[in-house]
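Notes follow the structure.
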Amino acid sequence: MKHTLPALIVISVCMMLLPSCKSKFDHPDKQIFHYNESSGILSLDPAFASGQATIWPCNQLYNGLVDMDDRLQVVPAIAKRWTISDDGRTYTFVLRQDVRFHQTDYFPFEKPRYVTAEDFVYSLGRILSPDVASPGAWIFQKVKRDAHGKPAFRALNDTVFQIELTEPFPPFLGILTMKYCSVVPHEVVERYGKDFRKHPVGTGPFQMQLWEEGVKLVMRKNPNYFETDSAGQRLPYIDAVAVSFIVDKQSVFMEFMKGSLDFMSGVDPSYKDALLTKDGRLNPEYADKIRLITGPYLNTEYLGFNLKSTGKRNPLRDRRVRQAINYGFDRDKMMKYLRNNMGYAGIGGFVPRGMPSYDPERTGGYDYDPEKALKLLAEAGYPNGEGLPDITLTVSAQYADLCQYIQHELGQIGITLKLDVAQAAQQREMMRGYQLPFFRGSWICDYPDAENQMSLFYSKNLQPNGSNYTHYVNPAFDRLYDESQGCTDDSVRTEYYIRMDSMLVADAPFVILYYDKVARFVQKNVQGLGTNPVNMLDLRRVRMR
């Protein structure tokens, strides 16, 4: 095969870039943590921290009032303590006085710039600004506003910050752990405007060193970071974080196996069978080279039924047909052979494993029971599936293998499932417009409270203003939802969620496929990197020996 000169140049450049994960930006005497981001990073402004690719570096660069630990408990960050008023509407935070913004080459402060309550008034108010157009504006929809539309973010003095809500909303403290709520210095934002995306200044454990978009991002240790370990040593331990942007997943796998990357997240089909056994364990061949860390991930993968009236010939409006589909395939078998057990079979309700209100024994669920499925079909007027119209399931290519398996299994009990494989973006748009009678969906927790899952089935969240994609309407469910939001006792609210989830299981507006699992592959020399149910990358306590 002949190559033209330009093609050879391109190939040569690519070959030079590919092994560059640990080259030009490294120092042999420094501890530098390397990972790859195949999706690319569009912004380092926390106002746009809407996906994992952006959230992970923002977690290194910024802090907010509060943080979340690996057990999903809200813990202090810049706020050292807080109180909530008896009526659940006013949150008052007392700030630390030793938190400094980064000192960078592109914006050197003349003297140490400490965080004050006014910085939070500015930073959180910025999220609601139409000029900024942050995708996180929804998180403050319950914040009170005055007659001029000004949100109730108040600095009572330099160290006391207050937020007032229009009504009690118990998950609000958890919402404040989101990276949208990070503090930023107004001077830097005002100087750079939209270009703050590539001139980030925060208070986090690492600060910006360089960003060659699509090539390399390097964040170096913040020497003035305010957190210390139990022995009083200042965090973080490592000297820098380097992020590469290799798109091809097989190439990422090769770089990881060469040791050029210290960490790899998730399991791609291109290498899952090489790294994992069918029962989800690390291939023994690699046990002396790398470690596998797994744990629950607050993501529910499901198939959704559109319960909006679409004519008499829609069999999916019959609950018995929906239940029959739920009983008609073996989730354990599906997870073992198609996902190498990187996930937990969806035999419970919509709340995922890892949440306090995950309780399949009380909510009920669906296991594999073809006899029960056939009985339900007969009760619905379709004995052995006779007379049942074909059912179309719309799915994106990424999940086609799972749906092909379900298609085959349901065929054994007389249900003909046709697959419509669409572009992911197109499928989401049609799902939101109630154009799909049966669709694949997923729901990753925005914040660690089951209200986030239950809100998908609240009738006031019907489209176009909400996320009730199944068009589920149940007055009894709505009453429980409303009562739960007036309850500030976490344990009592958990009981509400379990009752609501059991109601959903009985009505079957969905088919739970599986609850996701965090999978992290780590080099043996990396110590202190764990996992958590929101899959946050926390490098503060990582060491490299």
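The values are calculated or read from the model by the stated rules, or taken from the named source; none is laboratory data. Predicted model, so just to flag it, every value in this text is computed and none were measured. Here the Cβ positions follow ideal geometry from the backbone for every residue, glycine too, while neighbour counts run over all protein chains shown.
Scan the range 127-152 for residues that are buried (at least 19 other Cβ atoms within 10 Å of the Cβ) and assigned to a helix (DSSP H, G or I) and the total you get is 3.
Six or more apart or on different chains, Cβ under 8 Å: which pairs go from a residue in the range 257-270 that's on the phi > 0 side of the Ramachandran plot to one that's outside any helix (DSSP H, G or I)? Could you list them? Partner pairs satisfying both residue conditions: G259/Q523; G266/A519.
Of the residues screened, D288 is not one that is farther than 30 Å from Y114 by Cβ, in a helix (DSSP H, G or I) and either in the same structural domain as P509 (by TED's automatic domain parsing) or touching a residue at least 60 places away in the same chain (Cβ under 8 Å) (or both).
This table checks each residue for (1) at pLDDT below 90; (2) more than 26 Å from the chain's Cα centre (by Cα); (3) crowded, with 19+ Cβ neighbours inside 10 Å; (4) in a helix (DSSP H, G or I).
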position: L410; (1), (2), (3), (4): no, yes, yes, yes
position: I413; (1), (2), (3), (4): no, yes, yes, no
position: K418; (1), (2), (3), (4): no, yes, no, no
position: A425; (1), (2), (3), (4): yes, no, no, yes
position: L436; (1), (2), (3), (4): no, no, yes, no
position: R440; (1), (2), (3), (4): no, no, yes, no
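Beta carbons closer than 7 Å, at least 6 apart along the sequence or on distinct chains, pair a first residue in the range 219-238 that is closer than 18 Å to Q97 by Cα with a second that is not in a loop (DSSP other than H, G, I, E, B) and not β-branched (V, I, T) for N222/F206; N222/Q207; N224/R100; Y225/R234; T228/R234. Considering F305, F329, the condition of being within 23 Å of M454 (Cα to Cα), buried (at least 21 other Cβ atoms within 10 Å of the Cβ), in the same structural domain as A400 (by TED's automatic domain parsing) and touching a residue at least 12 places away in the same chain (Cβ under 8 Å) is satisfied by F305 alone. Looking across the range 470-486, the residues that are out of contact with any Asp or Glu (no Cβ under 9 Å at 6 or more places or on another chain), part of a loop (DSSP other than H, G, I, E, B) and surrounded by fewer than 20 Cβ atoms within 10 Å (Cβ to Cβ) come down to H471, V473.
In summary, I293 fulfils each of the numbered conditions (1) surrounded by fewer than 17 Cβ atoms within 10 Å (Cβ to Cβ); (2) part of a loop (DSSP other than H, G, I, E, B) with the single exception of condition (2). Per the listing Q398, Q404, Q423, the residue uniquely more than 18 Å from L513 (Cβ to Cβ) and in contact (Cβ under 8 Å) with a residue 12 or more places away in the chain is Q423. Taking (1) in contact (Cβ under 8 Å) with a residue 40 or more places away in the chain; (2) among the hydroxyl-bearing types (S, T, Y); (3) part of a loop (DSSP other than H, G, I, E, B) in turn, S467 satisfies each apart from (1).
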